[in-house]
Amino acid sequence: MKKLITLFLIATLATSVGWASTTVSNTIANIATVNGWTNSTRYTSFTLDNNITVSCTGGSNTGKYYTNGDEWRLYQSEDAKLTVAAKSGYTLNSITVTYNINNTGILVYNNNQISSPATVSVSGSSVEFSVGNSGTATNGQVKVTAISVTYSESGSTATVEVPTLTDEFTFWPVMNDAASAQVTITPASGNTVRYTTNGSTPSLTNGTEITAATTITISGTTTVKAISYVGTQTSSVVSKTYTLGETVTGISNFKNLTSGTTVRLYLPDNYNARTLFVNGSDAFVRDNTGAICIYNVTTNPPLAYNQHIAGWIIGTYTNYNNLPEFTASTATNSCYLVIADPVTEADAEPVEIDAAEYDDHYADWVTISDLKVTSASDNTATANVGDNTFSIYNKYNPENYQLPYKGAIVDITGIAVPNNSTKQLRPIYQNENRPLTYVVDAQKEFVSPSSSITDAQVRLKRSLNRNTWSLLTVPFEIEGFEGDVLEYTSVTLGEVASYEMNGNAYPVQGGVMHFEDYYGNLQPGIPYLVKPYTSQQEMTLSGVTLRSESAGSVTYSLAAQQNAPGINLMANEQPVYAGDYSLVGTYSPTTLDKNQATVKLIDDNTLSWTSQIDDIEIAGTEAYITIPNGAGVKLDLGSEGVVTAVTDIRIDHSIPRETVIYNILGQRLTRPLSELPPGVYIVNGKKIVKR
C-alpha cells in the first residue's frame, strides 16, 4: 500500500565504547547573558567550555544575536558556515542543534539536511555545517536557540554502531482504511539490536531482539527506540518518532488551523465542495462550510469551474495576508480526490452578502450590492457601502468588466480577497454572472457617466405596481417592456371647467395632454406612462447602453386663442391657458417647487398641484408635468379616455410687491398680495385665489 510520508535525515551514528565522554549543553540566552551580548549585534564565536568553540563565517549578518527569541541567526549564503571545534587532545562525538520554532532555514551536514532538534554523530576535532546550501534546502535564516556537544579525550577505541531507523515521517490513512505505516530497523553487520515501541528504553535485557533488517507496522503515532550491542558493549540509544497526521473534515475546520499546519483535508460528498473559479495557480473552492484558495496544487483532471470535489488531499494551511490557502506540501497527493462535473446539482453561483458579512466569506465568490464608487483609476476603484470601504481590483481581467466611473452605484460580483487590512473584491465573470452591474436607484442620486457606456448591465431599483399608471424615465433603452406604455403625443385646448371656493364658482380652462399607445422600445431620457402586467421592485437588463445625457422632457404648446365662453377676463389680458405643457423626466429624486405650475402624478392615478400637497418629492426615474400659470390640465390616455385632471386655479405667490392689485369689486389695493387676507383678487388682469 502506498504511503504518504515526509522525508527527514537518515543519520549513521557511532558511539565509542569505554571512553570517558563529556556533554556540554547551553542555550543562546545563557551564552548571551554570560558574554554580555546585546540585541541585533553580530558575534562570530563563543565557547561552550574550555575545550569546545562554536564559530560562524559568511556575509556581514551571519552570527547576529536577537533578544526576540534569544536566537543566534545564521543567514544562508554560498560561504555561510557553522563550525564546532574541540581543543587539541579531544575528539567530537555528537552535536545537537535546536532551532527556534519560527526558523526559516536549515543546516546541512554531509549533504543531508539537519532537522531540529537532531543529534549528529561525528568524529574528529572539527565539524563544519553549511547554512541552507544543499539540494532542496530552503533559503532563509537558521535561528539557533541551543547547542549541545558530546566529546572525549582522543585515543579512545572500541565502538558499537547504532542501528539505522527509517527517517521520521508523518503518515495518514488512505481512503477509508485504518491508518498504518512501516518502519525498518537495520542492525550494523555483526550487531544484535533490541528495539521498543512502548516508550521504554531498550537495553541488553529489554526490547525485541533482531539480528537482521526487520520491518514493523505501526498504526498510530509511535516512537521507536533501538540499541545495538556486541557482547556486553552497547551503543547509544537511537530514537525516532513517526506521527499519525491530523485529519480535518470540511473547509471551515481547515481554516481554523494554525498557519503552517499540514493535515489531511477530507471533503465528504454531501459537503458539495465545488470549484468556483480558477486563474493560473489560484483555484477557489467552496463547500457547505466555507471557501478556500487552493494554491499551486496539481490535480487530474485540472480544477475548473463547477466541478464537484470529494475525497482526501494532504496539504498545509497557510494564512497569506489573511487569505486562507491550501498549499502543497511534500506529502501532497491528489490521487485520492474525486473530481467530476456535477450530475444533478445546480451550477455553482455567487453568494449575495451584506458588506458586514465580508469577513466570513474570504476566498468565496460573492456579490456585494449598492457600492458607491468614490474613485477609479487604472485597474482599481474604491467604493463604499455604509461604513465599509472596498478596493475593487481588476486582477483577473474578466469578460464584461469595465472600470466603474466615479459617482456610479454598482453591484460587484467576484472573489472576496482580504489583503492585510484591506477589503478587496476581484471581479470575475462566470456562468453569465456579470462582474459589474450599474444601479439606477429611484431613491438615490444618479450620476451620469461622462460618456455613454455600451454593453452594460443595469439594475433598475424602482417600484412599479400592476394596474397603476406610473411615470418612468430611464437613462438606457428598455426593450420589450412587459406592460402597457403610453407616450405623450400632443396637447389641445380643453373645455371650460369651474373652481369652487367659498361658495363661488370660478371658471378655468387649460390643455388636454394626449397620450397614445406606444409599442416600441422605451428610449433613454424620454418620460413615458407605464402600467406593468405584474408588480415589480426592480429589473435587471444586460447589453444596454448607459447614456451620458441628462433626463429629457417632451413639450407641446398651446398658442393664444380667443377667450373661451364663460371666462371673463380683464381688458388686454392674454388667455391664461396659452403656453407649454411639458412632461419632464428626472433620473434623481427631485423636490418640486410649490411656487411653480407643476403637477405630480400620485399613487391613486390622480394629478395634484404641488402647491396643494405636502409630498412634493419626485422619485428618481419618474417625471412631472409643468403647465402655463393659472391653467388647468387633463390627461387623455388614448383608448382609456380622460381619466384624471387638475382644475384648480393656480395660486401664485411670486407676484412682485409693486404689481397693481384689485379686489373683485374693482377697487385698487395698495398692500402687496403677501399682506392681504385670503380671497379672490385681480392681479395684472388675472384672477388669483389666495388662501
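The values are calculated or read from the model by the stated rules, or taken from the named source; none is laboratory data. Keep in mind that what you see is a predicted model, and the values were worked out from it rather than measured. Note that each Cβ is placed from the backbone with ideal geometry, even for glycine, and that neighbours are counted across all protein chains shown. SASA here: full protein model, heavy atoms, side chains in, ligands and nucleic acids out. Shrake-Rupley method; radii C 1.70, N 1.55, O 1.52, S 1.80 Å.
Of everything in segment 544-559, what is within 16 Å of L460 (Cα to Cα) and either open to solvent by 70 Å² or more (accessible area, probe 1.4 Å) or not hydrophobic (A, V, I, L, M, F, W, C) (or both)? Give them in sequence order. Within segment 544-559, T545, R547 qualify. The number of residues in segment 408-419 that are under 26 Å from P324 (Cα atoms) and surrounded by 17 or more Cβ atoms within 10 Å (Cβ to Cβ) comes to 8.
Evaluate segment 461-469: report whether one residue or more is in contact with a Leu (Cβ under 9 Å, 6 or more places away or on another chain), of a type outside the set (D, E, K, R) and at pLDDT 95 or above. No: zero hits.
Okay, residues lined up against (1) at pLDDT 90 or above; (2) open to solvent by 30 Å² or more (accessible area, probe 1.4 Å); (3) not acidic (D, E):
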site: A181; (1), (2), (3): yes, no, yes
site: T186; (1), (2), (3): yes, yes, yes
site: G190; (1), (2), (3): no, yes, yes
site: T205; (1), (2), (3): yes, yes, yes
site: E209; (1), (2), (3): yes, yes, no
site: T221; (1), (2), (3): yes, yes, yes
site: K225; (1), (2), (3): yes, yes, yes
site: T234; (1), (2), (3): no, yes, yes
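A single member of A356, A331, A340, A383 is modelled with pLDDT under 95, of a type outside the set (S, T, N, Q) and surrounded by 16 or more Cβ atoms within 10 Å (Cβ to Cβ), and it is A331. The number of residues in segment 306-317 that are part of a loop (DSSP other than H, G, I, E, B) and surrounded by fewer than 18 Cβ atoms within 10 Å (Cβ to Cβ) comes to 1.
Filtered by the rule that a residue be outside any loop (DSSP other than H, G, I, E, B) and at pLDDT below 80, segment 610-621 gives S611, Q612. Among the residues of segment 67-107, just one is of a type in the set (F, W, Y) and open to solvent by less than 10 Å² (accessible area, probe 1.4 Å), namely W72. Among residues of segment 359-379 being open to solvent by less than 50 Å² (accessible area, probe 1.4 Å) and of a type in the set (V, I, T), the one that is farthest from N322 (Cα to Cα) is V373. Considering segment 442-462, and only residues there that are crowded, with 19+ Cβ neighbours inside 10 Å and aliphatic (A, V, I, L, M), the residue that is nearest to A623 (Cα to Cα) turns out to be A442.
For (1) modelled with pLDDT of 90 or more; (2) open to solvent by less than 40 Å² (accessible area, probe 1.4 Å); (3) assigned to a strand (DSSP E or B); (4) on the phi > 0 side of the Ramachandran plot, each residue gets a yes or a no:
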position	(1), (2), (3), (4)
L4	no, yes, no, no
N30	yes, no, no, no
T47	yes, no, yes, no
T53	yes, no, yes, no
T62	yes, yes, no, no
Y65	yes, yes, yes, no
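Checked against (1) modelled with pLDDT of 80 or more; (2) in contact with a Phe, Trp or Tyr (Cβ under 9 Å, 6 or more places away or on another chain), I649 passes all but condition (1).
For (1) modelled with pLDDT under 90; (2) within 19 Å of G511 (Cα to Cα); (3) in contact with a Leu (Cβ under 6 Å, 6 or more places away or on another chain); (4) open to solvent by less than 20 Å² (accessible area, probe 1.4 Å), each residue gets a yes or a no:
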| residue | (1), (2), (3), (4) |
| --- | --- |
| S542 | no, no, no, no |
| P565 | yes, yes, no, no |
| N568 | yes, yes, no, no |
| S608 | yes, yes, no, yes |
| P628 | yes, yes, no, yes |
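Taken as a whole, the structure places L265 among residues that are crowded, with 20+ Cβ neighbours inside 10 Å and part of a strand (DSSP E or B).
Filter segment 470-484 down to the residues that are at pLDDT below 95, touching a Phe, Trp or Tyr at 6+ places or on another chain (Cβ under 6 Å) and open to solvent by less than 20 Å² (accessible area, probe 1.4 Å) and list them by number. Listed by number, the list holds a single entry, G483. Take the residues in segment 570-582 that are open to solvent by 70 Å² or more (accessible area, probe 1.4 Å) and more than 60 Å from the chain's Cα centre (by Cα); name whichever of them is modelled with the highest pLDDT. Among those that are open to solvent by 70 Å² or more (accessible area, probe 1.4 Å) and more than 60 Å from the chain's Cα centre (by Cα), it is Q574. Of the strands (runs of 3 or more DSSP E) lying entirely inside segment 354-400, those containing at least 3 residues that are more than 10 Å from the chain's Cα centre (by Cα) and closer than 22 Å to E445 by Cβ are 365-377, 380-385. Each residue in segment 114-129 was checked for being open to solvent by less than 60 Å² (accessible area, probe 1.4 Å) and more than 17 Å from Y151 (Cβ to Cβ), and 4 of them qualify. The single condition among (1) touching a residue at least 60 places away in the same chain (Cβ under 8 Å); (2) in a strand (DSSP E or B); (3) not acidic (D, E) that V224 does not meet is (1). Do we have Y405 as open to solvent by less than 40 Å² (accessible area, probe 1.4 Å) and either more than 19 Å from M539 (Cα to Cα) or modelled with pLDDT under 95 (or both) here? So Y405 fits the description; yes. In segment 197-213, the residues that are within 18 Å of V160 (Cβ to Cβ) and part of a loop (DSSP other than H, G, I, E, B) form Cβ pairs under 8 Å with partners that are modelled with pLDDT under 95 and aromatic (F, W, Y), at six or more places apart or across chains, as follows: L204/Y229. Looking across S550, S557, S498, one residue alone is modelled with pLDDT of 90 or more and part of a strand (DSSP E or B). It is S557. If the condition is being open to solvent by less than 10 Å² (accessible area, probe 1.4 Å) and in a loop (DSSP other than H, G, I, E, B), then segment 510-533 contributes G525, P527.
Within segment 601-618, the set of residues being closer than 16 Å to S553 by Cα and touching a residue at least 40 places away in the same chain (Cβ under 8 Å) comprises just one member, L601. Filtering segment 85-136 to residues that are touching a residue at least 40 places away in the same chain (Cβ under 8 Å) and either among the basic types (K, R) or part of a loop (DSSP other than H, G, I, E, B) (or both) leaves G89, N100, N102, N103, S115, S125, G132, N133.
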